[in-house]
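Here the structure is laid out as C-alpha coordinates; the discussion comes afterwards.
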Amino acid sequence: VPGTLARARRLVEERAAAEAAGSNGREGAEGVVGGDGPESRKSPAVFWGILDLKYDPDAAPQDRVKVLETGDGQSSKFSGYGAAIKETFTKENRLEETIRCAVLTENKKLTHDKIVECGYAHLRPKQHIFPKVYSEGLAAQVAASLSLGDCGTCVLKLCNRTRGAGVVPVPVGELDATLKGLLQPPGDMEAWLRDQPEDWAYRVNPGCFDEQSRHWWSNECPVFLAEELCLSAPTTRMCVETQEERSFDGTMRVGFSLHREMRDRLPEGWLDTPEGPVFVSDDPGSSAHGGTVGSGYGGSRASGVPKAAPAPRPWDDDRPYM
(Lines give C-alpha, C1' and ligand atoms only; values in the text may rest on other atoms or scores of the structure.)
Protein backbone atom coordinates (compact mmCIF):
# COMPACT_ATOMS: atom_id res chain seq x y z
CA VAL A 1 0.00 0.00 0.00
CA PRO A 2 1.58 3.34 -1.04
CA GLY A 3 2.68 5.36 1.96
CA THR A 4 2.68 2.44 4.41
CA LEU A 5 6.46 2.16 4.48
CA ALA A 6 6.83 5.91 4.89
CA ARG A 7 4.38 5.93 7.79
CA ALA A 8 6.16 3.01 9.44
CA ARG A 9 9.49 4.80 9.19
CA ARG A 10 7.97 7.97 10.58
CA LEU A 11 6.55 6.08 13.57
CA VAL A 12 9.99 4.65 14.31
CA GLU A 13 11.51 8.12 14.10
CA GLU A 14 8.80 9.53 16.39
CA ARG A 15 9.38 6.84 18.98
CA ALA A 16 13.12 7.41 18.91
CA ALA A 17 12.61 11.16 19.28
CA ALA A 18 10.23 10.66 22.23
CA GLU A 19 12.69 8.33 23.97
CA ALA A 20 15.50 10.82 23.43
CA ALA A 21 13.39 13.57 24.98
CA GLY A 22 13.05 11.61 28.20
CA SER A 23 11.05 8.84 29.80
CA ASN A 24 8.06 11.12 30.25
CA GLY A 25 7.70 11.27 26.46
CA ARG A 26 6.74 14.88 26.59
CA GLU A 27 4.72 16.25 23.69
CA GLY A 28 6.44 18.70 21.45
CA ALA A 29 9.72 16.80 21.22
CA GLU A 30 11.57 17.76 18.07
CA GLY A 31 10.45 15.65 15.13
CA VAL A 32 7.29 14.33 16.82
CA VAL A 33 4.17 14.73 14.69
CA GLY A 34 1.50 16.59 16.64
CA GLY A 35 3.99 18.39 18.89
CA ASP A 36 5.76 21.69 18.45
CA GLY A 37 8.81 20.36 16.59
CA PRO A 38 9.76 21.01 12.95
CA GLU A 39 7.93 17.91 11.70
CA SER A 40 4.61 19.11 13.12
CA ARG A 41 4.94 22.41 11.28
CA LYS A 42 5.19 20.73 7.88
CA SER A 43 2.17 20.71 5.61
CA PRO A 44 0.45 17.25 5.56
CA ALA A 45 0.17 15.92 1.99
CA VAL A 46 -1.87 12.94 0.82
CA PHE A 47 0.13 12.46 -2.39
CA TRP A 48 3.43 13.56 -3.84
CA GLY A 49 3.83 13.09 -7.57
CA ILE A 50 5.89 14.11 -10.58
CA LEU A 51 5.24 15.04 -14.19
CA ASP A 52 7.76 14.86 -17.03
CA LEU A 53 7.05 17.57 -19.62
CA LYS A 54 8.12 18.61 -23.09
CA TYR A 55 7.73 22.26 -24.07
CA ASP A 56 7.93 23.80 -27.53
CA PRO A 57 7.05 27.54 -27.65
CA ASP A 58 6.96 27.48 -31.46
CA ALA A 59 4.08 24.98 -31.58
CA ALA A 60 0.39 25.90 -31.60
CA PRO A 61 -0.81 27.03 -28.13
CA GLN A 62 -2.68 23.79 -27.44
CA ASP A 63 0.36 21.70 -28.44
CA ARG A 64 3.14 23.53 -26.62
CA VAL A 65 3.10 21.41 -23.46
CA LYS A 66 3.04 17.61 -23.50
CA VAL A 67 2.92 15.38 -20.41
CA LEU A 68 5.12 12.38 -21.17
CA GLU A 69 5.02 10.57 -17.83
CA THR A 70 3.49 10.71 -14.38
CA GLY A 71 4.86 9.05 -11.28
CA ASP A 72 4.90 8.68 -7.52
CA GLY A 73 7.46 10.99 -5.93
CA GLN A 74 8.40 8.33 -3.38
CA SER A 75 9.65 5.94 -6.06
CA SER A 76 10.88 8.44 -8.67
CA LYS A 77 14.52 9.28 -9.21
CA PHE A 78 15.74 12.82 -8.48
CA SER A 79 19.28 13.33 -9.69
CA GLY A 80 21.30 16.29 -10.95
CA TYR A 81 19.21 19.45 -11.12
CA GLY A 82 16.10 17.47 -10.13
CA ALA A 83 17.48 16.79 -6.65
CA ALA A 84 16.14 20.18 -5.53
CA ILE A 85 12.56 18.95 -6.07
CA LYS A 86 12.88 16.25 -3.44
CA GLU A 87 14.75 18.51 -1.04
CA THR A 88 12.03 21.17 -1.26
CA PHE A 89 9.21 18.69 -0.71
CA THR A 90 10.77 16.97 2.32
CA LYS A 91 11.59 20.35 3.85
CA GLU A 92 8.07 21.75 3.62
CA ASN A 93 5.74 18.71 3.58
CA ARG A 94 5.08 15.36 5.19
CA LEU A 95 3.03 12.46 3.82
CA GLU A 96 -0.02 11.59 5.89
CA GLU A 97 -3.03 9.35 5.12
CA THR A 98 -1.87 8.93 1.54
CA ILE A 99 -4.34 8.21 -1.24
CA ARG A 100 -3.87 5.00 -3.23
CA CYS A 101 -3.20 5.65 -6.89
CA ALA A 102 -0.10 3.55 -7.60
CA VAL A 103 -1.83 1.54 -10.33
CA LEU A 104 -2.94 4.71 -12.09
CA THR A 105 0.46 6.41 -12.01
CA GLU A 106 2.56 3.33 -12.83
CA ASN A 107 0.54 2.01 -15.76
CA LYS A 108 1.12 4.20 -18.80
CA LYS A 109 -2.05 3.07 -20.56
CA LEU A 110 -4.30 3.79 -17.58
CA THR A 111 -2.58 7.14 -17.08
CA HIS A 112 -3.17 8.11 -20.71
CA ASP A 113 -6.81 7.03 -20.70
CA LYS A 114 -7.60 8.90 -17.47
CA ILE A 115 -6.01 12.14 -18.72
CA VAL A 116 -7.96 11.89 -21.98
CA GLU A 117 -11.17 11.05 -20.10
CA CYS A 118 -10.78 14.20 -17.98
CA GLY A 119 -10.63 16.37 -21.10
CA TYR A 120 -6.88 16.95 -21.40
CA ALA A 121 -6.11 14.91 -24.50
CA HIS A 122 -4.22 17.88 -25.96
CA LEU A 123 -1.59 17.47 -23.22
CA ARG A 124 -0.74 13.91 -24.20
CA PRO A 125 1.19 12.47 -27.14
CA LYS A 126 -0.83 10.29 -29.50
CA GLN A 127 -0.78 6.75 -28.15
CA HIS A 128 -1.90 3.34 -29.41
CA ILE A 129 -1.73 -0.12 -27.89
CA PHE A 130 -0.67 -3.32 -29.65
CA PRO A 131 -0.32 -6.99 -28.66
CA LYS A 132 3.24 -7.96 -27.86
CA VAL A 133 3.40 -10.48 -30.71
CA TYR A 134 5.50 -9.84 -33.81
CA SER A 135 3.97 -10.06 -37.28
CA GLU A 136 5.15 -8.86 -40.67
CA GLY A 137 2.52 -6.12 -40.87
CA LEU A 138 2.97 -4.83 -37.32
CA ALA A 139 5.39 -2.04 -38.23
CA ALA A 140 3.00 -0.75 -40.90
CA GLN A 141 0.13 -0.76 -38.38
CA VAL A 142 2.16 1.24 -35.87
CA ALA A 143 3.24 3.78 -38.49
CA ALA A 144 -0.30 4.21 -39.82
CA SER A 145 -1.84 4.62 -36.34
CA LEU A 146 0.50 7.54 -35.59
CA SER A 147 0.51 8.98 -39.15
CA LEU A 148 4.30 8.86 -39.20
CA GLY A 149 4.97 9.12 -42.91
CA ASP A 150 8.29 8.05 -44.43
CA CYS A 151 10.58 10.11 -42.19
CA GLY A 152 8.72 10.00 -38.86
CA THR A 153 9.86 8.65 -35.52
CA CYS A 154 7.83 6.99 -32.78
CA VAL A 155 8.57 5.85 -29.23
CA LEU A 156 7.94 2.25 -28.17
CA LYS A 157 7.16 1.75 -24.48
CA LEU A 158 6.21 -0.94 -22.00
CA CYS A 159 2.99 -0.27 -20.07
CA ASN A 160 4.30 -0.89 -16.57
CA ARG A 161 7.98 0.04 -16.46
CA THR A 162 9.50 3.24 -15.04
CA ARG A 163 12.75 5.23 -15.10
CA GLY A 164 13.16 4.83 -18.85
CA ALA A 165 13.15 1.02 -18.81
CA GLY A 166 11.91 -0.25 -22.17
CA VAL A 167 11.62 3.18 -23.81
CA VAL A 168 12.95 2.93 -27.39
CA PRO A 169 12.74 5.80 -29.95
CA VAL A 170 12.60 4.31 -33.45
CA PRO A 171 12.66 5.88 -36.95
CA VAL A 172 10.11 4.43 -39.37
CA GLY A 173 12.84 2.88 -41.49
CA GLU A 174 14.06 0.78 -38.55
CA LEU A 175 10.68 0.03 -37.02
CA ASP A 176 10.22 -3.48 -38.40
CA ALA A 177 13.71 -4.67 -37.40
CA THR A 178 13.37 -3.10 -33.96
CA LEU A 179 10.00 -4.74 -33.28
CA LYS A 180 11.37 -8.07 -34.39
CA GLY A 181 14.28 -7.75 -31.98
CA LEU A 182 12.10 -6.64 -29.06
CA LEU A 183 9.26 -9.11 -29.54
CA GLN A 184 11.22 -12.25 -30.47
CA PRO A 185 13.44 -13.36 -27.57
CA PRO A 186 15.97 -16.19 -28.06
CA GLY A 187 14.34 -19.59 -28.54
CA ASP A 188 16.59 -21.28 -25.96
CA MET A 189 16.75 -18.63 -23.26
CA GLU A 190 18.77 -20.72 -20.81
CA ALA A 191 21.46 -21.39 -23.40
CA TRP A 192 21.50 -17.74 -24.35
CA LEU A 193 21.95 -16.68 -20.73
CA ARG A 194 24.85 -19.09 -20.27
CA ASP A 195 26.65 -17.44 -23.18
CA GLN A 196 26.35 -13.92 -21.73
CA PRO A 197 29.43 -12.45 -20.02
CA GLU A 198 29.18 -12.43 -16.25
CA ASP A 199 30.17 -8.77 -16.01
CA TRP A 200 27.59 -7.63 -18.58
CA ALA A 201 25.63 -5.55 -16.05
CA TYR A 202 28.77 -3.59 -15.11
CA ARG A 203 29.89 -2.63 -18.60
CA VAL A 204 26.62 -2.26 -20.51
CA ASN A 205 25.89 1.20 -21.90
CA PRO A 206 22.74 2.42 -20.04
CA GLY A 207 19.77 2.76 -22.36
CA CYS A 208 21.31 0.83 -25.24
CA PHE A 209 19.19 -1.54 -27.32
CA ASP A 210 20.86 -4.58 -25.71
CA GLU A 211 19.63 -3.43 -22.31
CA GLN A 212 16.17 -2.38 -23.51
CA SER A 213 15.55 -5.70 -25.26
CA ARG A 214 16.04 -7.52 -21.96
CA HIS A 215 13.39 -5.32 -20.35
CA TRP A 216 11.00 -6.28 -23.14
CA TRP A 217 11.77 -10.01 -23.01
CA SER A 218 11.25 -10.16 -19.23
CA ASN A 219 8.12 -8.02 -19.13
CA GLU A 220 4.95 -9.88 -18.22
CA CYS A 221 2.48 -7.41 -19.78
CA PRO A 222 0.89 -8.84 -22.98
CA VAL A 223 0.76 -5.46 -24.79
CA PHE A 224 3.05 -2.56 -25.62
CA LEU A 225 2.54 1.10 -26.47
CA ALA A 226 3.52 3.17 -29.48
CA GLU A 227 3.59 6.93 -28.90
CA GLU A 228 4.13 10.04 -30.93
CA LEU A 229 7.60 11.54 -30.50
CA CYS A 230 7.40 14.91 -28.73
CA LEU A 231 10.32 17.33 -28.56
CA SER A 232 11.18 20.41 -26.55
CA ALA A 233 12.74 23.58 -27.91
CA PRO A 234 16.46 22.75 -28.35
CA THR A 235 18.74 23.91 -25.55
CA THR A 236 22.28 24.90 -26.55
CA ARG A 237 25.28 24.30 -24.31
CA MET A 238 29.04 24.48 -24.75
CA CYS A 239 30.74 21.09 -24.95
CA VAL A 240 33.76 21.10 -22.62
CA GLU A 241 35.70 18.49 -24.61
CA THR A 242 35.34 20.04 -28.08
CA GLN A 243 34.61 23.66 -27.11
CA GLU A 244 31.69 23.57 -29.55
CA GLU A 245 28.07 24.46 -28.98
CA ARG A 246 25.71 21.50 -29.02
CA SER A 247 21.94 21.33 -28.66
CA PHE A 248 19.94 18.73 -26.78
CA ASP A 249 16.28 17.94 -26.27
CA GLY A 250 15.52 18.63 -22.62
CA THR A 251 12.74 17.25 -20.42
CA MET A 252 11.33 19.19 -17.48
CA ARG A 253 10.45 17.32 -14.29
CA VAL A 254 7.80 18.99 -12.16
CA GLY A 255 6.94 17.94 -8.62
CA PHE A 256 3.50 18.52 -7.08
CA SER A 257 1.68 17.59 -3.90
CA LEU A 258 -2.00 17.10 -3.08
CA HIS A 259 -3.30 18.26 0.27
CA ARG A 260 -6.47 17.39 2.13
CA GLU A 261 -8.94 20.25 2.42
CA MET A 262 -10.33 20.27 5.97
CA ARG A 263 -14.07 20.87 5.89
CA ASP A 264 -14.22 22.04 9.50
CA ARG A 265 -11.57 24.72 8.97
CA LEU A 266 -13.11 28.18 8.78
CA PRO A 267 -11.45 31.55 8.21
CA GLU A 268 -10.03 33.34 11.21
CA GLY A 269 -12.76 34.78 13.43
CA TRP A 270 -15.50 32.37 12.33
CA LEU A 271 -17.06 29.62 14.44
CA ASP A 272 -19.13 26.65 13.32
CA THR A 273 -22.55 26.49 15.03
CA PRO A 274 -25.75 24.47 14.46
CA GLU A 275 -27.12 27.54 12.67
CA GLY A 276 -24.08 27.72 10.38
CA PRO A 277 -20.82 29.73 10.42
CA VAL A 278 -20.92 32.67 12.81
CA PHE A 279 -18.36 35.47 12.97
CA VAL A 280 -17.24 36.37 16.49
CA SER A 281 -15.97 39.92 16.85
CA ASP A 282 -13.49 40.92 19.51
CA ASP A 283 -15.25 44.31 19.83
CA PRO A 284 -17.77 44.30 22.73
CA GLY A 285 -19.91 46.87 20.98
CA SER A 286 -20.15 45.04 17.72
CA SER A 287 -23.27 43.07 16.78
CA ALA A 288 -21.66 40.32 14.72
CA HIS A 289 -23.78 37.73 13.03
CA GLY A 290 -22.75 34.97 10.65
CA GLY A 291 -22.09 36.10 7.12
CA THR A 292 -23.18 39.73 7.65
CA VAL A 293 -20.20 41.52 9.17
CA GLY A 294 -16.49 41.67 8.65
CA SER A 295 -13.63 39.67 10.11
CA GLY A 296 -11.56 42.68 11.16
CA TYR A 297 -11.36 46.41 11.33
CA GLY A 298 -10.34 49.03 8.88
CA GLY A 299 -8.25 51.98 10.11
CA SER A 300 -8.15 52.50 13.86
CA ARG A 301 -9.42 49.73 16.12
CA ALA A 302 -10.86 52.37 18.40
CA SER A 303 -13.25 53.45 15.69
CA GLY A 304 -15.29 50.29 16.23
CA VAL A 305 -16.35 50.21 12.61
CA PRO A 306 -16.35 46.64 11.26
CA LYS A 307 -14.84 46.09 7.83
CA ALA A 308 -17.00 44.15 5.37
CA ALA A 309 -15.89 40.57 4.70
CA PRO A 310 -17.56 37.76 2.79
CA ALA A 311 -18.92 34.73 4.55
CA PRO A 312 -17.02 31.44 4.16
CA ARG A 313 -17.57 30.04 0.68
CA PRO A 314 -19.74 26.90 0.38
CA TRP A 315 -18.06 23.62 -0.41
CA ASP A 316 -18.02 22.84 -4.10
CA ASP A 317 -18.83 19.14 -3.86
CA ASP A 318 -18.88 16.12 -1.57
CA ARG A 319 -15.59 14.43 -2.41
CA PRO A 320 -14.58 12.94 0.95
CA TYR A 321 -10.86 12.93 0.13
CA MET A 322 -10.61 16.68 -0.37
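The values are calculated or read from the model by the stated rules, or taken from the named source; none is laboratory data. Predicted model only: the values in this text are computed from it and were never measured. When we count neighbours, we look across all protein chains shown, and the Cβ atoms used for this are built from the backbone with ideal geometry, even at glycine. Side chains are part of the model used for accessible areas, which takes the heavy atoms of the whole protein and leaves out ligands, DNA and RNA. Shrake-Rupley method; radii C 1.70, N 1.55, O 1.52, S 1.80 Å.
Give the shape of segment 109-247 as rounded, prolate or oblate, defined through the alpha-carbon gyration tensor: a ≥ b ≥ c are the square roots of its eigenvalues, a/c under 1.5 means rounded, and otherwise the shape is prolate if a/b is larger than b/c and oblate if not.
Taking the square roots of the gyration eigenvalues as a ≥ b ≥ c, segment 109-247 is oblate.
Per residue of segment 161-166, what does 6.51 cos²θ - 1.76 cosθ + 1.60 with θ = phi - 60° give for ³J(HN,Hα)? Whole Hz please, x for Gly and Pro, Karplus curve as stated.
Karplus-based 3J(HN,Hα) across segment 161-166 equals 10, 10, 6, x, 5, x Hz.
GluC sites (Glu not before Pro) within segment 165-230: which are DSSP loop residues with at most 16 other Cβ atoms inside 10 Å? Show your work: numbers first, answer last.
Details: sites: Glu174, Glu190, Glu198, Glu211, Glu220, Glu227, Glu228; in loops: Glu198, Glu220.
Listed in order of number, the matching sites are Glu198, Glu220.
Please compute the net charge surrounding Gly71, taking Lys and Arg as +1 and Asp and Glu as -1 over other residues with Cβ under 13 Å from its Cβ. Numbers along the way, then the final one.
Details: positive: Lys77, Lys86, Lys108, Arg161, Arg163, Arg253; negative: Asp52, Glu69, Asp72, Glu106.
With Lys, Arg at +1 and Asp, Glu at -1, the net is +2.
Could you work out how far the C-alpha centroid of segment 141-170 sits from that of segment 201-255, in angstrom?
12 Å
At 1.4 Å probe radius, can you tell me the per residue accessible area of segment 109-179 in Å²?
On the way: 3620 Å² over 71 residues.
Averaged over the residues of segment 109-179, the accessible area is 51 Å².
Which lysines have a Cα lying under 25 Å from the Cα of Lys66, excluding residues fewer than 8 positions away in the same chain?
Lys54, Lys77, Lys86, Lys108, Lys109, Lys114, Lys126, Lys157
Can you sort Lys109, Lys77, Lys157 by solvent-accessible area, 1.4 Å probe, largest first?
Values: Lys109 50, Lys77 120, Lys157 10 Å².
Correct descending sequence by accessible area is Lys77, Lys109, Lys157.
Please give the solvent-accessible surface of Glu117 in Å², to the nearest 10, using a probe radius of 1.4 Å with every protein chain present.
The accessible area comes out at roughly 130 Å².
Return the sequence-ordered ³J(HN,Hα) values of segment 44-49 in whole Hz as given by the Karplus equation 6.51 cos²θ - 1.76 cosθ + 1.60 applied to θ = phi - 60°, using x for Gly and Pro.
x, 10, 9, 7, 10, x
On average over all directions, what projected area in square nanometres does segment 89-147 have, based on the convex hull of its Cα atoms?
Average of the hull's projected areas for segment 89-147 equals 6.7 nm².
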